[in-house]
Amino acid sequence: MAERIEQRLEDRIPELEQLERVGLFTRKEIRAVLRKASALEYKIQRRALRKEDFINYIQYEVNLLELIKKRRARIGYSFKKDEIEHSILHRVHSLFNRATGKWKDDVQLWLSHVAFCKQWNAKHQLSKVFSTMLAIHSNKPALWIMAAKWEMETRLSSESARHLFLRALRFHPECPKLYQEYFRMELMHAEKQRKEKKEFEQAKMDLGEFNYSEEILNGEMARIVYRDASQKIKGVEFQLAVLSIAKLFDFTQDLQKEILESLQTRYADDPLTWDFMARRELELGSLQPTEHTTKQEKVSEMAQREERCCAVFDEAVRAVPAEGMWKCYITFCLERYKRKTNSEELKQKRLERTLSVFSKAHESSLLPEALYKQWLQLLLDSNLSEKAVEVAEAATRHFSQSVEMWQMRLQVLIQLKRDDVTQCFEEAIKHVKFKGTLPLWTLWVEWSEGTNSKEDTEALYQRSLHATTPSESVTMKEMYLDWTYRNGGYKKLKRLFTSLCEDRPFSLDFFRKMIQIEKEQESCKMLHLREYYERALREFGSTNTDLWLDYIKEELSHPKGKPENCGSIHWRAMKMLQGDLVEDFVSKYTLLQTGHL
């Protein structure tokens, strides 16, 4: 191994001598490079290879290249690149090849090599990297797309890009993204040829030796790709994606028309089709010239466009009466309402339209649960509080098992300071299942703290502990402790803590809260702290190292603490902690002893 390393270091000598001779590096720096290279070489020649060692070596060489580049720019020296940079580049490629050969499944490693090749313009090497990578990772469409894009955009080879896409489609015959990018590539190729032909014609050159097919110039290859894809890939999303790509090119009107007809014929019952057709009305500009139009005329024209959109949506909800269709309609109305405008008339019209669509969807019993919240917020922002109360009540009737709906209704009532809040809470708890009621109880006690008497609030806390699931009651216990301390003082808190300790489960924060409160007392008693730590350790001592360390710190730092207890606490921790936590505890305890923790 030593001989191989010495040979590799000797291979570096010519480039290092050149670096020193041309004044890019000093003799001292050359020695430092050799020492570092020697250390890195030994790491990658070991029997048990590590990926990190290769990455570190590559990173060092890349940094060296960057440094050479900066120093060349500083002194204005641009010669001897074959002897210096090319030698380093060759070594980096070799390192990458060894690493990717050893860890073939690491895609990030391959992509790092690709990025390096692009950065240093190593086109020939990059072509090899893509070829090897795709042979191993042929199951990843994104890599095929990356390789094809590079062939098309960097090497300007439409033929190679097409060949890669066709190979990729043999592995992934139903991948929408592959077809989309293949479709885009064919249109880019057609556009490139159209520009070439135009430039030749402007220069009045003879086109005899150049074969520009009219079919290719008009995007016929892209049409073939689209038709083939349409037979294999179903769904509106693909059709819309292809249509949006076709719109980027100004010679695809016939192709766009074909896609649009296919969309309307095959997916007439899909909400996304209607959504697209409705939104198209916004794009259709006025036939009148817009240079001398007044602000009022522009507002009027925008209002007319939106009316045309809504007319299509109205037809859509009649043709496809489904939740998804109403959601598209409402989303459109909300988007238009949120757009800024200086016209109060247009803003008011948008608000009325949005509220009207919400009402119609609700009356049809097709308003999705998630949209009720937006409807209520819109009503509250518009100061329509009575209507908001009605809508909230209707929502809980329609989705009586939904915690979110009840929570939303209660928040509206609390915000409006209504008298029937308690009654609504009782109704909510009655309708919603036992599990998952924690948000309702937390909202109820928080409201009660600011509204009801202390006795009523305490009774509510007690009730919540029995009405929630054991895992949810943990949160209520923490809130109960906090409220009791704020309103009843330490003595009452201590009695409550002792009472709650009879009923598992607990959270670590439950005990930490008590420890923190004890520390805040003027006469902080170590006896009480020990009690809280011991109770916490019974529950979490096998899974939490910090709890043991905090206990030891307390014994060391408290005026009434007993440092002699630290040994027994340490022994108990070693016995009780599980798995790797023992090693973690030992490390932290050592830091504590040396004063670094």
| request: Once you have all Cα-Cα distances for segment 313-449, histogram them in 5 Å bins from zero and send the whole-percent values. | output: 2, 10, 19, 18, 18, 13, 10, 7, 3, 1, 0
| query | Kirkwood Rh over Cα pairs of segment 1-103 into Stokes-Einstein at 4 °C, 1.567 mPa s: D in µm²/s? | reply | 90
| remark: Sorted largest first, the Cα spans of segment 262-369 on the principal axes come out in Å as 44, 33, 17
| For segment 216-330: span of alpha carbons on each principal axis (Å, largest first) | 48, 40, 15
| message | Straight-line reach only, C-alpha to C-alpha below 28 angstrom: list the lysines that K232 could link to, leaving out same-chain residues fewer than 8 apart. | response | K140, K149, K177, K247, K257
| segment 521-596: equivalent-ellipsoid semi-axes (sqrt of 5 x gyration tensor eigenvalues, Cα, Å) | 21, 15, 9
| segment 465-565 - Rg and Dmax from Cα coordinates, angstrom | 13.9, 45
| query | Can you give me the relative contact order of segment 71-188 as a percent, contacts being Cα pairs under 8 Å and 6 or more apart? | reply | 15
| Hits among lysines - C-alpha to C-alpha of K373 under 18 Å, sequence gap 8 or more where chains match | K327, K338, K360, K387
| Proportion of all alpha-carbon pairs of the chain beyond 44 Å (%) | 58
| message | With an 8 Å Cα cut-off and a minimum separation of 6 or more residues, compute the relative contact order for segment 1-103 in percent. | response | 33
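Quick note: the coordinates plus some simple rules give every number you see, no bench work behind them. Treat the numbers as computed from the prediction; the structure is a model and nothing was measured.
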